[in-house]
Each structure stands twice: as structure tokens, then as C-alpha cells.
Amino acid sequence: MDSMSSFWTLFIVVILIIFWFIFRAIRRNRGNRKTRSRNAFFLSSPSPSSLAQERHPEITELMQLLEQSIPASYAHSVRSRVIEAHPELTEQEYDWRWHELKRYFMLCAIMNRVPMFSSDVDELWHEMLMFTREYQQFSEAFFGRMLHHAPHSGGSQPMPEERAWFDWLYVECFGWNRYSASLWGTFFNHPLPSDELSRYYKLTTSAQPAGDRWNMQENIAISQQAQQAVHKIVRHLRERVNKAVDDPEGKQLPKVNYLQVDYLLLAVVWYSWYQPEQFAIHMHPDATGNAVLASSSGCSSASGCSNWDTHHSHHHSPHDSSHHGGSSHHDSGDSGSHSSCSSGSSCGSSCGGGGD
């Protein structure tokens, strides 16, 4: 009886071990397929610089300051560490991650709270932090103080309002393209909070909006380039809020056009104000829009940021995607195929105006 019991115990253990190896093999094969798909997607991508087109001169000047604040030797050291740690990561994908991280830093200089919504991009930030002296020098040169990196303590609580502001600010500054969206996930799933939007209605040019959403406080030491960018962004938001609130029937609201950023952002404000419950439905492009976005090749980009308090802490969003061997493919909000676009867009020379 004891021998029979031992036999069945051993048999069950062996079966469990076999199933465990099969499960691991399936997981590994699935991860390899995702890696191959991701590599193929970025291998066919243009360089980020060929698509980069900041929508406002103030954003361009802020980008120039950022580039000057990161020594070439520092950028090369970070790149070498990441590529060595993740040999499956292609040069093209690294270029896009680095491009998005720099945009992330720019958004941090403009807005007070923008969580990090991409673990792929955040991975490069972690590597930057390994060079403590160089990182401090960069941070003080660009931000005027240390930008600390701290984990988000919100657990699994969603952050729809922060993601809404992230989407709006990113597209306002840079437009949208599918390569950037593959790292950040789908844009415009959440409406901007109406209580915050109301602060901009009939706001005079000289007045500052209530709250601490923007880095406009006197006790925050930011560069002249960042100050100019903040004032441009707030002015555009104020104009769109006034236009949307004064048009309750949407008579002046053009059809949502993902290739015209000014139209797109006006729609974001209008639907956030009047139809927040159906916001994501209205902001999702129709079949025609999807086809146009999927075939477009001259679009801009997307990003996220940290919390500016006394120590400039960075917070992770609970929407951060998991890693697959260090180089993760994000399913968080991206509607599946990389080749189809599922969110707002601005393309190449047709950025929908921008400027002043």
C-alpha cells in the first residue's frame, strides 16, 4: 500500500513537472513571437528625427535645451548598457525609446504631474540613474533642480485623469504617430476632468489658472524655455475651452480629424465637457480614419512624466506594462496590431497649424 501510494505521488509530481515545462515553453514561444513582431515593426520604422516635428517654436527651443543638457558621452554610455543587457533589442527600437524618454523629460518641465505610462521608456530612465553624477548634472542643467525617480505607491488604482492630461499635453506638443503609440499605448481613452477645465473658461490672458497642474509657480525654478512653453500650452488650452463651452450644440465643432491636431484637441475638450461618458467612443477614429492613419508615414509622437514637488518625484502608473525579457511589448491600450493606428494623430507637415 505504501509503495503504491509512493508510486502515485511520484507519478503526480512527474506530471506536474512536465506540465510546468510545457507551460514555460509556451510562454517562451509566445514571448519570442512578440519579440519578433516588435523587432519587425521597429526595423521598418523611420528614424525618430525624420518624423520629429514639434508643433510650437517654444517646444523646439525646449528640445534644444534638453539636447544641450545631455552630453553625448552620457547618452552613449546609457545606450551601451541597455543594448548589452538586452541583445534582443534592436537599434531602431532603442532610438525610439530614447526619443520618447527625452520627450518625457520635456513634459516634466511643463506640467506638474505626468505619470510614467511606459515601462519600456522607463527602463532607459533607470539606466540613466545608474550614472549618478551625470544624471544629477543633467537634471540640474535642464530642470534647475534634481528630478528624483520614486516608485508610484498607488497600487492598482487607475489614474484616468492623469492619463487624460498626459494624452492632451503630449499631442499638443508633439502630435502623434504609431511608433510612439506602440510604446505609450492608446491615446484619448479618458476625458479631461471638467472641474479643471472650468478654471480656464473666461480666464484672462494675464491670470493664472488655479491649482498646480502647470509649472507656473514662482517657487519652481524652471528655464526660460520651459516658462515660454508653459504659457503657450496654457494659452492654447484656454482658447479651446472657451470655444468649446461657448458652443454647447457643437455647431463649430469639426468632425474629429486625427490628421489635424488643432481639430483633434478641440474635440478632446468639447467631448470632455459635454459628453464625458461617451468620450472614448467619440474620440476613437472611424474605419476611414484608421485606414488613413495606418498608411500615413509622416506623423509626430507621444510621452509621460513625473510629479513636481519639493523633490520632483517620478511616479509609476499602474498601467505600466510588464516586461518580457527586459524588452516588453505594450498591449496596454494599443489595440493589437502595430500597423493600424487607434488614436489621435498629427502628420508631418500637416500638423494642423500649431504655431501661434
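The values are calculated or read from the model by the stated rules, or taken from the named source; none is laboratory data. The shown structure was predicted, so the numbers you read here are calculated from the model rather than taken from an experiment. Cβ atoms come from the backbone with ideal geometry, glycine included; neighbour counts cover every protein chain shown.
Structure above, values below:
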item: Any chance Ala244 is out of contact with any Phe, Trp or Tyr (no Cβ under 6 Å at 6 or more places or on another chain), within 24 Å of Arg113 (Cβ to Cβ) and either at pLDDT 90 or above or crowded, with 19+ Cβ neighbours inside 10 Å (or both); result: no
item: Set Glu172, Glu196, Glu161, Glu100: member being under 30 Å from Glu84 (Cβ atoms), among the acidic types (Asp, Glu) and out of contact with any strand residue (DSSP E or B) (no Cβ under 8 Å at 6 or more places or on another chain); result: Glu100
item: Residue count, the stretch 276-291 (criterion: closer than 22 Å to Tyr170 by Cβ and at pLDDT 90 or above); result: 6
item: Any chance Phe138 is over 15 Å from the mean Cα position of the chain (by Cα) and surrounded by 24 or more Cβ atoms within 10 Å (Cβ to Cβ); result: no
item: Filter result for Asp212 (at pLDDT 90 or above and surrounded by fewer than 23 Cβ atoms within 10 Å (Cβ to Cβ)); result: no
